[in-house]
Structure formats: C-alpha cells, structure tokens
Amino acid sequence: MKPITLSISDELLEKSIAYAKLNGTNLNDLIRELLIRHVDTSSMSPAEKLLKRSNQITISTKDRKWNRDEFYHRKLFS
C-alpha cells in the first residue's frame, strides 16, 4: 500500500478521529473502509451492492399522499 497525504481542517480531523475511536477503529482504517465502500465496489458483497444502489434511488410522488386504503386497493393496470 502507498501512503497518501490529505489536507483537512483541524476541526474535521478532530471529529474524524473521535468518530473512528467511537467505532472501534483508527482514522487510517476508517478512511480506507470509506474509500472501499464508495469507490471500489468490486470488493462489495452482492447484498452490499444492492443496499448501496437502493439508497441511491429517488422516487418522486409529486406531493401525492396516499392513505392506507388507497395504497392497498389501488387499480394496478388502469
């Protein structure tokens, strides 16, 4: 592995270190894991890929609100 240098604010660095400690890891491993999850999807399991894709989907209902009866008794092909 090659070392890299990042430039971030002191505040972000402090928050990042605290976050890593809170999650039982260190900053280096935290950044590596984030890059793997967001950039290198070849190492992701099929379930992780599906969850990532499902979180990226946006659906517009054009401010339409349904109640329970409308949702369950709607005509699907009309």
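Where a number appears in this text, it was derived from the coordinates with a stated rule and is not lab data. Predicted, not measured: the structure shown is a model, and the values here were computed from it. Methodologically, a virtual Cβ is constructed for each residue, glycine included, from the backbone with ideal geometry; neighbour enumeration extends over all protein chains shown.
Among residues of the range 5-27 that are among the hydrophobic types (A, V, I, L, M, F, W, C), those with a Cβ under 8 angstrom from a residue that is in a loop (DSSP other than H, G, I, E, B), sequence gap 6+ or separate chain, pair up as ALA20/ASN26. Among the residues making up the range 27-78, those that are in contact with a helix residue (DSSP H, G or I) (Cβ under 8 Å, 6 or more places away or on another chain) and not hydrophobic (A, V, I, L, M, F, W, C) are ASP29, ARG37, THR41, SER43, GLU48, LYS49, LYS52. Residue by residue through the range 41-76, note down the ones that are part of a loop (DSSP other than H, G, I, E, B), of a type outside the set (S, T, N, Q) and exposed (fewer than 10 other Cβ atoms within 10 Å of the Cβ). The answer is ILE57, ILE59, LYS62, ASP63, ARG64, LYS65, HIS73, ARG74, LYS75, LEU76.
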